[in-house]
Amino acid sequence: MQGLFVTATDTGVGKTVLSASLLAAMAAEGERVRAYKPVVTGLEDAAEIAARGQWPADHELLGAVAGMDAQEVSPLRYGPAVSPHLAAELAGERIAPEQVLAGALAAGAPDADACTLVVEGVGGLLVALSEQYSVCDLAVALALPVTIAARPGLGTINHTLLTLQAARSAGLRVCAVVLTPWPAQPTALERSNLESIERLGAVEVQTLERVSGPQVAELARAGSSLPWRRWLQTT
């Protein structure tokens, strides 16, 4: 199965916009794409809905870009804006690891040898999907190259290096860190953060500029600057 696993240093970092931009850029280049995000939460939270503004919920955005039904992208959907394992508990459910992995494999199953799957994690790598299964565990099981979304501003060096450490300790192949949204005129701090992460983390660092809206063409324009073809070949 060919694809990328997109994670982040935290929640609200821009992981979904990065995932959607990659999918849109791939599709614009003629790739057959599929998307999977195992769990979405906050679908009935007023603050979350207001914060999204013009942007649809994560699974709806990924589905629109990949040409998939939103429920197929994210089989597990919850109303409260809480961690996945707590959201499931509040709904009287339990997220089973085999269910999450099977969903990812099913998402990439149609023409598996001829399509590219982008899997978006939930929050950061160590977010618990269940008491015994984390986003990192799912990434390890899928064995896809990993891209890390990170903020460009203050605090990002620590968060990003910790995420890199967790990923590498688990044996994941990290192809790049993507700082987003990257301003048109970055400050000295932002430029220094990029250089520091690249040097201290011994990792490729790319940038994704602010995407003005959820239109597929706009996402594709932003994503076209990323070397995703090379990332797919990460070993």
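The values are calculated or read from the model by the stated rules, or taken from the named source; none is laboratory data. The structure displayed is predicted, hence computed values, not measured ones. Counting neighbours? That spans all protein chains shown, and the Cβs are built from the backbone with ideal geometry, glycine included.
Return a yes/no flag: does the range 43-54 have any residue that is aliphatic (A, V, I, L, M), outside any helix (DSSP H, G or I) and in contact with a His (Cβ under 6 Å, 6 or more places away or on another chain).
To start, the set of residues in the range 43-54 that are aliphatic (A, V, I, L, M) comprises 43, 46-47, 49-51.
In the following step, the residues that additionally are outside any helix (DSSP H, G or I) were identified as 43.
Those still in the list that are in contact with a His (Cβ under 6 Å, 6 or more places away or on another chain) too: none.
Taking every residue of the range 43-54 in turn, none turns out to be aliphatic (A, V, I, L, M), outside any helix (DSSP H, G or I) and in contact with a His (Cβ under 6 Å, 6 or more places away or on another chain).
Could you look through the range 43-63, keep only residues that are in contact with a Pro (Cβ under 7 Å, 6 or more places away or on another chain) and touching a residue at least 40 places away in the same chain (Cβ under 8 Å), and pick out the one that is surrounded by the most Cβ atoms within 10 Å (Cβ to Cβ)?
Leu61
Filter the range 164-205 down to the residues that are among the polar types (S, T, N, Q), within 24 Å of Ser225 (Cα to Cα) and assigned to a helix (DSSP H, G or I) and list them by number. Reasoning before the result, please.
Residues of the range 164-205 among the polar types (S, T, N, Q): 165, 169, 180, 185, 187, 192-193, 196.
If we keep only those that are within 24 Å of Ser225 (Cα to Cα) too, we end up with 180, 185, 187, 192-193, 196.
Selection gives Ser192, Asn193, Ser196.
Name every residue in the range 199-214 that is under 16 Å from Gly14 (Cα atoms) and surrounded by 14 or more Cβ atoms within 10 Å (Cβ to Cβ), in order of residue number.
Val205, Gln206, Thr207, Leu208, Glu209, Val211, Pro214
Suppose the filter is of a type in the set (D, E, K, R) and either buried (at least 20 other Cβ atoms within 10 Å of the Cβ) or over 27 Å from Gln2 (Cβ atoms) (or both); does Arg173 pass it? Before the answer, list the steps.
On the way: of a type in the set (D, E, K, R): yes; either buried (at least 20 other Cβ atoms within 10 Å of the Cβ) or over 27 Å from Gln2 (Cβ atoms) (or both): no.
No, not satisfied.
Among the residues in the range 149-163, are any of a type in the set (D, E, K, R) and either surrounded by fewer than 17 Cβ atoms within 10 Å (Cβ to Cβ) or closer than 20 Å to Ala104 by Cα (or both)? Give the derivation first.
Keep residues of the range 149-163 that are of a type in the set (D, E, K, R), which gives 151.
Next, from what is left, pick out any that are either surrounded by fewer than 17 Cβ atoms within 10 Å (Cβ to Cβ) or closer than 20 Å to Ala104 by Cα (or both): none.
Checked the range 149-163: no residue is of a type in the set (D, E, K, R) and either surrounded by fewer than 17 Cβ atoms within 10 Å (Cβ to Cβ) or closer than 20 Å to Ala104 by Cα (or both).
How many of the residues making up the range 18-40 are in a helix (DSSP H, G or I) and either surrounded by fewer than 24 Cβ atoms within 10 Å (Cβ to Cβ) or of a type in the set (Asp, Glu) (or both)?
At the first step, the residues of the range 18-40 found to be in a helix (DSSP H, G or I) are 18-28.
Narrowing the set further to residues that are either surrounded by fewer than 24 Cβ atoms within 10 Å (Cβ to Cβ) or of a type in the set (Asp, Glu) (or both) leaves 25, 27-28.
Count: 3.
Return the residues of the range 125-146 that are more than 14 Å from Glu98 (Cα to Cα) and of a type in the set (Gly, Ala, Ser); say none if nothing qualifies.
Matches in the range 125-146: Ala128, Ala143.
Identify all residues within the range 206-218 that are part of a helix (DSSP H, G or I) and either modelled with pLDDT under 95 or more than 19 Å from Cys115 (Cα to Cα) (or both); write none if there are none. Can you show your working first?
Quick first cut of the range 206-218, residues part of a helix (DSSP H, G or I) only: 216-218.
Residues satisfying the conditions are Ala217, Glu218.
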